[in-house]
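**Q** One structure, pasted below without further comment.
Throughout, read-outs are computed from the coordinates displayed, never taken from laboratory work. Please read these numbers as outputs of a predicted model, since none were measured by experiment. Here Cβ is always computed from backbone atoms with ideal geometry, including for glycine, and neighbour counts include all displayed protein chains.
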Amino acid sequence: MVLGAADKFKLDEHILKLTEQTETLVFNTDYKELDSFQPAFSAGDRTRTFLKVQDGCDYFCTFCTIPMARGKSRSATIEQTIVEAKKAAATGVKEIVITGVNTGDFGKSNDGKTRREESFFDLIQALEKIDEVKRWRISSIEPNLLTEGIIDFVAHSNRWMPHFHIPLQSGSDKILQLMHRKYDTALYQQRIEFIRKTIPHACIGVRCHRRISG
């Protein structure tokens, strides 16, 4: 049985319909049908859990099929996300990693059609107020969405870990432009320099598919 992105959440329904005579079933999902999102966290990760706060992407980079597979960028409200975060905290985890398909784009409506008056920056400030969670960490975030405000907030926080994983994809502006990325090497360098200036001991992770020179 092969399930599309929407049908995977109906796994129990599909299993109950299976019989010994059932042939291979394929359930396709048109990306336009992906119009809902519910924050959720992983289980069984010992002292750390991953809280998904966002799904989908609107970027349509030339090398990526995520928008076609996951649909538009969308997220629940901060209030709804906090409810799920507190559920995760109640399991006794010590650290929660905030993740998503395009994590920093948090704030789009649940159907991906409009943007609320909420941003990723607003989200991390609200999450820090959950006393039960000792450590928070931001997973991979696009350099154009990692603002100086976010970096400065992490720098002065006792709960958000000084760790940033920032995809680069290429060290060539020409290639980045052909990829339809939302940043260039100058912006990326500015972000790195600001992190090093604000949080000298920060850990910086990079994902790059082309040699960086110069």
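**Q** Taking DSSP loops as anything outside H, G, I, E and B, show the longest stretch in the chain free of GluC sites (Glu not before Pro) there with at most 14 other beta carbons within 10 Å.
**A** Looking at the chain, 24-116 is the longest stretch - no exposed GluC sites (Glu not before Pro) with at most 14 other Cβ atoms within 10 Å.
**Q** To the nearest 10 degrees, how steep is helix 185-198 against the longest Cα principal axis of the chain, on a 0 to 90 scale?
**A** The helix 185-198 is inclined about 70 degrees to the chain.
**Q** Would you mind checking the pairs Lys10/Lys134; Lys72/Lys134; Lys134/Lys182; Lys10/Lys129; Lys108/Lys129 and listing those with alpha carbons more than 29 angstrom apart?
**A** Lys10/Lys134; Lys72/Lys134; Lys134/Lys182; Lys10/Lys129
**Q** Pulled fully out, how much extra length does the chain show between Val83 and Ile66, if you take 0.36 nm times their separation in residues and subtract their Cα-Cα distance?
**A** 3.4 nm is the gain from fully extending Val83 to Ile66.
**Q** With the chain treated as a Gaussian network of Cα nodes joined by springs under 10 Å, which of His156, His201, His14 yields the largest mean-square fluctuation?
**A** Ranking His156, His201, His14 by mean-square fluctuation puts His14 first.
**Q** Using a Gaussian network model on the chain with a 10 Å cutoff between Cα atoms, which of Thr198, Thr24, Thr65 fluctuates the most?
**A** Thr24
**Q** Using a Gaussian network model of the chain with C-alpha springs under 10 Å, which one of Phe63, Phe153, Phe50 is most mobile by mean-square fluctuation?
**A** Phe63
**Q** Give me the Å³ per residue figure for the convex hull around the C-alpha atoms of the chain. Working shown, then result.
**A** Details: hull volume 32.6 nm³, N = 214.
That works out to 152 Å³ per residue.
**Q** Compute the FRET efficiency between Gln38 and Leu187 as 1/(1 + (r/R0)^6), taking r as their Cβ-Cβ distance and R0 = 35 Å, and round to the nearest 0.05.
**A** 0.60
**Q** Right, next: For a Förster distance of 45 Å, can you work out the FRET efficiency between the beta-carbons of Asp152 and Leu3, rounded to the nearest 0.05?
**A** Efficiency at R0 = 45 Å is approximately 0.60.
**Q** Run the quick spin-label model on Arg196 and Glu13: label points 7 Å from Cα toward the beta carbon, then report their separation in nm to one decimal.
**A** Label at Arg196, label at Glu13, 5.3 nm between them.
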